[in-house]
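Report on one structure; see the data block that follows.
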Amino acid sequence: MFMLRPATSQSIPPSPFIQPIFTTPCTALSLRRISVAASLSITLDETLPYGPSLSKGHKPYIQPEPLQQQHHEHSFDENRFTRVFDISALRVSADRCYALESQLRGHLLNWPRIRNISRVHGDEIDPELQKYFNLSDDEPLSLLNRRIYGKAEGDGEKLNPVLYRDKLAKSFNSRGYEKFRNLAKLSRPKRKTKTETKDVGDGKRNGCYLVEEVVDDQSEDDEEDLSRLIGDVEYRVGKWKGSTRLLLLDERYAYKLFDELPEAIKACLKGSPFELVRCKLTLFYSYWQMNEVLEALLPKHMIVPSSFEIVGHIIHLNLRDEHLPYKNLIAKVVLDKNKPKIQTVVNKIDAIQNDFRTMQLEVLAGNHSLVTRVVENGLHFHVDLASVYWSSKLGTERQRLFSFFTRSDVVCDVFAGVGPLAILAAKKVKHVYANDLNPHAIDYLERNCVLNKLERKIEVFNMDGRRFIDAIFRSQSSRPITQVVMNLPKDAAEYLDAFKGIFRDMESREGLILPMIHVYGFSKAEDPEFDFHERIRIALSEVAFEVKMHKVRLVAPGKWMLCASFVLPERVAFSNPISEL
């Protein structure tokens, strides 16, 4: 004889975008029919962790599709992720359910994204009629009769809204309806609040989960009374007076009689009307999180893609070669689980190899628009990922650099892109010179300056980096540059030679301010900081100066992005490059 033990599953962290829902009635199921299926659905493997899982429960019966309409092996069917769990619940009075929920917290379902309190069809009583259920058995029902037949005049009772409207309608005369404003208010339908949900045709609520009470479908010839579903009639204690609720019990209490429940539950229910019923909990596709669905879709032992970058309404994936045969399935799941904020899913199909640092992207799901609007550090930026470079992962680094700037600084951004750092700096510093070689980036940079109302503090240039450095330092007079940012990690260190002899033509060094330079680079060396430091010294042909290194982030296994900050050495600024040859 087998002992039925509770099925368990992995706990999932709660999701902020799935809201609790109510319940609707289901098709009647026979207790005898489900008893065998239920015993098969409960796993005997206690190694599964607690909570809902796609490896637990059982799939509902779905009408098979015709052969010509069957899906391809890699096609996507949301019904594959529907799971049914058999649980028990306590029906209690609505006014006692929240107190009992607190007392029974350790014995309730407590599954992620599922409320312990649920409702089923017919458990709600109109508040206007609630008081009539509290009448004693020997009290006449004259009040209820007057409400039903409209005989409420003269005894202090108010007419219900329908009868009151009829009364106003009968008062029509040459002046129109009496108290027409009230009549219009009564005739106008109620506005639906944000918390109200719509019924879907198949009975789902919000497409997340559904709780249904299992009712008996026995024939008239059956002698056994299964109306209470669990145990005998004695397990319905008390008499209902008004609305009721269901308290969903933990999965380990499924198929148990009331006598088999813990004494702590019985003690809490003492003195309160209750009923032990059997329920069916159905979890739909939208309940499961992205990683759970992908684990079920992808072959075993394949790493589930979990890291991606969000740029406005676009999610940018970096799929491995092993993921490419399943890229469309992955993109659909990612899109479904991040709607409505995300509308497009793209994948980078090639490394950045051009001078404009633009990425080769393939649209996998959603709309094909790569023009989006990004909000970073309180600023708004228009970005076109097809023609400009953008990295949201550098937002923290830009904020770190911004903290070093002062109100008296003049910033020179040599590789500004669409202006995430230049526009951020303009909020604080005296003036900004922003440059980029990409004409599309310059177009968006100018647009973003106007969008953030900072166009008066930013001068925009479309030049090569070396030419820009030479031109801007030779032309500075009233605004000496104090901060230089060179965020082009692949080649920025090689552009440092543009600073050799940048001040050699100055007649006087009095009052000269040597700029602080922040240059970015990549390194795969065992000691990345030492390696990048050496590249900077070689580019400047100078050894004796202090460099502060900061590791920005690990962009790939063994590959670091670093930021080196140093004051431009005086010997470099006044050197004569011709004499060094």
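Key figures
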| read-out | value |
| --- | --- |
| Residue list for region 408-425, filter: surrounded by fewer than 24 Cβ atoms within 10 Å (Cβ to Cβ) and closer than 13 Å to GLU459 by Cβ | VAL410 |
| Strands (runs of 3 or more DSSP E) contained in region 360-421 and holding at least 1 residues over 22 Å from the mean Cα position of the chain (by Cα) and within 27 Å of ALA331 (Cα to Cα) | 360-366, 379-384 |
| Residue that is of a type in the set (Asp, Glu), crowded, with 17+ Cβ neighbours inside 10 Å and modelled with pLDDT under 90, where the choices are GLU234, GLU275 | GLU275 |
| Residue match in region 437-459 (condition: among the small types (Gly, Ala, Ser), part of a helix (DSSP H, G or I) and farther than 26 Å from MET561 by Cα) | no |
| Residue in region 275-289 that is in contact (Cβ under 8 Å) with a residue 60 or more places away in the chain and closer than 30 Å to TYR389 by Cβ present | no |
| Matching option when the condition is over 17 Å from SER55 (Cβ atoms), among the acidic types (Asp, Glu) and surrounded by fewer than 18 Cβ atoms within 10 Å (Cβ to Cβ), among GLU295, GLU309 | GLU309 |
| Among (1) part of a strand (DSSP E or B); (2) closer than 30 Å to LEU424 by Cα; (3) open to solvent by 40 Å² or more (accessible area, probe 1.4 Å), the one test that LYS339 misses | (1) |
| Hits in region 430-440 (condition: modelled with pLDDT of 95 or more and hydrophobic (A, V, I, L, M, F, W, C)) | VAL432, ALA434 |
| Conditions (1) open to solvent by less than 20 Å² (accessible area, probe 1.4 Å); (2) farther than 23 Å from VAL429 by Cα; (3) of a type in the set (Val, Ile, Thr); number of the one not met by VAL484 | (2) |
| Residue within region 544-556 that is out of contact with any strand residue (DSSP E or B) (no Cβ under 8 Å at 6 or more places or on another chain), in a loop (DSSP other than H, G, I, E, B) and open to solvent by 50 Å² or more (accessible area, probe 1.4 Å) present | yes |
| In region 255-272, the residues that are surrounded by fewer than 15 Cβ atoms within 10 Å (Cβ to Cβ) and without any contact (Cβ under 8 Å) to a residue 40 or more places away in the chain | LEU257, ASP259, GLU260, GLU263, LYS266, ALA267, LYS270, GLY271 |
| Subset of region 312-333 [open to solvent by 20 Å² or more (accessible area, probe 1.4 Å), in a helix (DSSP H, G or I) and not hydrophobic (A, V, I, L, M, F, W, C)] | ASP321, GLU322, PRO325, TYR326, LYS327, ASN328, LYS332 |
| Residues of region 349-362 that turn out to be open to solvent by less than 40 Å² (accessible area, probe 1.4 Å) and at pLDDT 80 or above, as a count | 2 |
| Residue match in region 71-83 (condition: within 30 Å of ALA264 (Cα to Cα), at pLDDT 90 or above and open to solvent by less than 30 Å² (accessible area, probe 1.4 Å)) | no |
| Answer residue from region 456-470, given it is touching a Phe, Trp or Tyr at 6+ places or on another chain (Cβ under 8 Å) and either more than 11 Å from TYR433 (Cα to Cα) or modelled with pLDDT under 90 (or both) and is most open to solvent (accessible area, probe 1.4 Å) among those | ARG466 |
| Residues being touching a Lys or Arg at 6+ places or on another chain (Cβ under 9 Å) and in a helix (DSSP H, G or I) - total across region 515-538 | 3 |
| Selection status of GLY501, touching a Pro at 6+ places or on another chain (Cβ under 8 Å) and on the phi > 0 side of the Ramachandran plot | yes |
| Selected residue (only one of LEU512, LEU540 is farther than 29 Å from HIS440 by Cα, surrounded by 18 or more Cβ atoms within 10 Å (Cβ to Cβ) and not hydroxyl-bearing (Ser, Thr, Tyr)) | LEU540 |
| Whichever residue in region 303-318 is without any contact (Cβ under 8 Å) to a residue 60 or more places away in the chain and touching a Phe, Trp or Tyr at 6+ places or on another chain (Cβ under 9 Å) and, among such residues, is farthest from GLU376 (Cα to Cα) | ASN318 |
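The values are calculated or read from the model by the stated rules, or taken from the named source; none is laboratory data. Just so it is clear, the model here is predicted, and its values are computed rather than measured. Virtual Cβ from ideal backbone geometry, glycine too; neighbours counted across all protein chains shown. The area values use the complete protein model at the heavy-atom level, side chains included, leaving out ligands, DNA and RNA. Shrake-Rupley method; radii C 1.70, N 1.55, O 1.52, S 1.80 Å.
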